[in-house]
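Let me begin by presenting the structure, written as structure tokens, before commenting on it.
The values are calculated or read from the model by the stated rules, or taken from the named source; none is laboratory data. Everything quoted here is computed from the prediction, not taken from an experiment. Here the Cβ positions follow ideal geometry from the backbone for every residue, glycine too, while neighbour counts run over all protein chains shown.
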């Protein structure tokens, strides 16, 4: 095998790797003119390699916030700063969608920036899920705060109180800052800690179970007769929390 054949084989090998990557890989010169465009870029943006080569990313896929910050981004890349940003782009059909793009500079033997390589992936579904999650969180936060029962959350492992709604604050006379960080037994008569410890452990595995003959201790020292219902275990920020719903029955 001569040197030319060996070089061609190597080029074919690297080309296969380039086109097998399941992300859009685009190489441009320092003026954003497209030099290389892989198969996944064709799928993602709808343009064939022949249609893309020689065009700029700005005119072809129009990443809106990239246009706004193009000069600043190019200067950062030339200084060796890798860019990782979310852009709104459009495909050949004119449909806008969101991509996450990681852009890195490419250098020649003199360590001069000669091109940029951008790897992008469609994160539209992730952004939609994120939006729905935020909406859901806002909805349940509103229900939590406006509920006409006292709701307390505690770390399922340690029993440390992690949240309380407004009705809970009003019921026992303490504000949220005074409650969060305390052990749940803080809410009840001290001489009955064993009873409430048993109730807490039982409540963690008995969602919906009703507990009666209980008391909260108000900030002014008075006892408040209550009944409580276990809400079960929920996961928040990587930790398990138990929440219970209490009602004043006096």
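Within the stretch 202-221, residues that are part of a strand (DSSP E or B) have Cβ atoms under 6 Å from residues that are surrounded by fewer than 10 Cβ atoms within 10 Å (Cβ to Cβ) in no pair, counting only partners at least 6 apart in sequence or on another chain. Only one entry of 122, 149 meets the criterion of being in contact (Cβ under 8 Å) with a residue 40 or more places away in the chain, closer than 30 Å to residue 230 by Cα and in contact with a strand residue (DSSP E or B) (Cβ under 8 Å, 6 or more places away or on another chain), and that entry is 149. Where strands (runs of 3 or more DSSP E) sit wholly within the stretch 1-92, those with at least 1 residues that are touching a strand residue (DSSP E or B) at 6+ places or on another chain (Cβ under 8 Å) and at pLDDT below 85 occupy 83-90.
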